[in-house]
Amino acid sequence: MSANDTPAARPQPTATYDSAFLRACRREPVPHTPVWFMRQAGRSLPEYRKVRQGIGMLDSCMRPDLVTEITLQPVRRHGVDAAIYFSDIVVPLKAIGLDLDIKPGVGPVVEQPVRTRADLARLRDLTPEDVSYVTEAIGLLTRELGPTPLIGFAGAPFTLASYLVEGGPSRTYENAKAMMYGDPELWADLLDRLADITAAFLKVQIEAGASAVQLFDSWAGALAPADYRRSVMSASAKVFDAVAGYGVPRIHFGVGTGELLKLMGEAGADVVGVDWRVPLDEAARRVGPGKALQGNLDPTVLFATTEAVEAKTREVLDAAAGLEGHVFNLGHGVMPSTDPDALTRLVEYVHTHTAR
């Protein structure tokens, strides 16, 4: 970007600006409630399993042709109102040289966990050159998607820190919380470093053409509100502030975050994602005015009969009836054994039921 081409001065792509998804994010009138699904590009689709066969997850994320095909698959099949960039939250950490891998059936595993101040030196700044494949893939995608918006995403500092400190997935986060409580200065410096890396990763995606971004704080539900406010919120706010000038909607989502919804909105989100545990009308009360909401059908409902899925979907839509803006989604990601046809039917049902 030149000195005169500031993020705030960049016009929105006209092809996507008036899409139902972006209008809902901006809390403007929509022709129908827009729908997309977290993990819509992934294991529930047979065409995904076919193209990924024999290719590791991280390798898949670094091949622009493969990223493009996988990202487009649910748009073609389901007719969703937005695509989400196919990647993984640990991609920027791998890109700066950390020794980690995504092990099937386990998740991200870090060879040398971050436990001391000396370990922070391994977390260097992320440059656009580190993730040139992202820029290339998004360029390919936006040409293919046309008027369908592309959502970029990243992992939030707390969730990334938890993976790094624990060395992999955890149910208790004892090492991460031990650092947070026992060495708050080291913890704050770790999250601040990760906020810079995350912001840089989101900037690459937006500058390449992403129309919105979502920050996944998958593990934030493990925190009490006071701990979130004191030890986490400022790092997430730093990420949101860093991309505010681009004018694209910023979505914030975590699992089990019913007690944190107001704080997650205050961190800087334009849209607050809600899992299935809190009805959307109650979530709106907790978040307060001035935010759109996203969610929140329980992903397991999709294993029930079509009639049951439609009944539960109506409950979500009824709870969302008074919202300033609503993006329909699941309350978490699509489960791997979900019938893809159930997702296609769900998109059609929401579109039909909410047609204005």
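Before moving on, here are some points about what is shown:
- Between helix 306-319 and the chain: long-axis angle, C-alpha atoms, 0 to 90°, nearest 10: 70 degrees
- Per-residue ³J(HN,Hα) for the stretch 106-112, Karplus 6.51 cos²θ - 1.76 cosθ + 1.60, θ = phi - 60°, Hz, x for Gly and Pro: 10, x, x, 10, 9, 4, 10
- Nearest-ten-degree value, helix 157-166 long axis tilted from longest Cα axis of the chain: 50 degrees
- Percent carbon-and-sulfur accessible area, the stretch 8-164, ignoring ligands, DNA and RNA, probe 1.4 Å: 51 percent
- With θ taken as phi - 60° and the Karplus curve 6.51 cos²θ - 1.76 cosθ + 1.60 applied, the whole-hertz 3J(HN,Hα) list for the stretch 50-58 is 5, 6, 8, 4, x, 10, x, 4, 5 Hz, x standing for glycine and proline.
- Distance cut-off 33 Å, percentage of C-alpha pairs in the chain lying past it: 23 percent
- Cα-Cα separations in the stretch 247-351 greater than 24 Å, expressed as whole percent: 22 percent
- Relative to the current alpha-carbon distance between residue 63 and residue 185, full extension at 0.36 nm per residue lengthens the span by 40.1 nm.
- Antiparallel DSSP beta bridges within the chain, percent to nearest 5: 15 percent
- Ranked by how many other beta carbons lie within 10 Å on average, peptides 110-121, 176-187, 317-328 from highest: 317-328, 176-187, 110-121
- Averaged per residue, the chain has 41 square angstrom of accessible surface, using a 1.4 angstrom probe with ligands and nucleic acids left out.
- Partners for residue 203 among aspartates and glutamates (Cα-Cα distance below 19 Å; same-chain residues under 8 apart left out): 5, 88, 125, 129, 130, 136, 192, 217, 241, 270
- The chain: relative contact order as a whole-number percent, Cα under 8 Å and 6+ apart: 22 percent
- If a spin label sat at a point 7 angstrom from the Cα of residue 26 along the line to its beta carbon, the backbone N atoms of the stretch 248-268 nearer than 17 Å would be those of 248-251.
- Helix axis angle, 233-243 relative to the chain longest principal axis, alpha carbon, degrees: 70 degrees
- Computed FRET value (nearest 0.05) for residue 353 with residue 171, which takes r as the C-beta separation and R₀ as 45 Å: 0.75
- Carbon-plus-sulfur accessible fraction, the stretch 181-260 (probe radius 1.4 Å, protein heavy atoms only): 48%.
The values are calculated or read from the model by the stated rules, or taken from the named source; none is laboratory data. Keep in mind that what you see is a predicted model, and the values were worked out from it rather than measured. We place every Cβ from the backbone using ideal geometry, glycine too, and count neighbours over all the protein chains shown. Surface accessibility is based on the protein's heavy atoms, side chains included, excluding ligands, DNA and RNA. Shrake-Rupley method; radii C 1.70, N 1.55, O 1.52, S 1.80 Å.
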